[in-house]
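The block underneath contains the structure these notes are about, expressed in structure tokens.
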Amino acid sequence: NKSIRYAIERQKSDAALRESEERYALAVAGASEGIWDWNIRTGEAYFSPRWQDLVGVFQENVTAHIDHWFDRVHPDDLPPLQAALQAHFRDVQTHFEYEHRVMHEEGEYRWMLVRGQAICDARDKCYRMAGSMADTTERRRAEQQLLHDALHDGLMDLPNRSLFMDRLDQAIR
């Protein structure tokens with residue numbers, strides 16, 4: 001009787017685990033953002049197929065080293081990204097969010113918004129971090145175009161009065 005109850009509980013537990021794994025796999029597959037999971041202690045990282053698609057790299061084994069990502073970060077963006085990560089590791093109560101450029105396999109930098117959360121052990125030493133990455137290049141381009149259009153004539157593409165007044169104000173200061 002005891003072994004039957006154990007077997008029934010084990011089946012329920014296995015079914016709940018399978019359902020949880022299916023839910024996670026479906027969420028990862030359905031997300032338009034790339035998913036990453038970083039073992040901070042070993043440096044190993046998982047990059048979802050969508051993450052790989054965002055940077056244009058495809059590999060059979062999606063478990064790699066975190067440098068697979070960091071080596072692609074624009075040199076001007078890497079130190080601030082690392083500083084932001086260290087700040088997050090000191091205060092994991094805050095949600096990590098950082099926008100930076102990543103080299104796409106096609107040879108151009110693309111803007112990526114990274115979000116994540118680290119978890120720490122009892123000694124407050126972070127050992128794992130996971131999150132998502134989304135391509136924000138088109139939004140950045142649109143913002144730059146809007147700014148350009150606001151400061152330039154639409155017909156001749158010459159600086160307009162707003163830009164002139166801004167530069168005059170800067171020169172006077």
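Each reported figure results from applying straightforward, stated rules to the coordinates on display, with no laboratory input. If you're wondering where the values come from, they're calculated on a predicted model, not measured in any experiment. For neighbour counting, all protein chains shown are included, and Cβ atoms are generated from backbone atoms with ideal geometry for every residue, glycine included.
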Problem - Integer Hz, Karplus 6.51/-1.76/1.60 couplings in order for region 95-104, x for Gly and Pro - result: 7, 7, 8, 8, 10, 8, 9, 10, 6, 7
Completion exercise
By Cβ neighbour count within 10 Å, fewest first, Y109, Y127 rank Y127, Y109
Handout entry: the chain: angle of helix 137-151 to the longest principal axis, Cα-based, in degrees nearest 10
Key = 20 degrees
Completion exercise
With the charge dipole of region 32-135 built from beta-carbon charges (+1 for Lys and Arg, -1 for Asp and Glu) about the Cα centre, the Cα from A134, Q86, A122 projecting farthest to the positive end belongs to A122
Problem - the chain - Rg (one decimal) and Dmax (whole number), Cα, Å - result: 23.2, 90
Problem - Residue-count net charge about K12 - beta-carbon cut-off 13 Å; Lys, Arg +1, Asp, Glu -1 - result: 0
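Can you pull out the GluC sites (Glu not before Pro) in region 29-114 that DSSP calls coil and that have at most 14 other Cβ atoms within 10 Å? Don't skip to the end; give the middle numbers.
Details: sites: E33, E44, E60, E97, E99, E105, E106, E108; in loops: E33, E60, E105, E106, E108.
In loop regions of region 29-114 (DSSP not H, G, I, E or B), the sparsely surrounded GluC sites (Glu not before Pro) are E60, E105, E106, E108.
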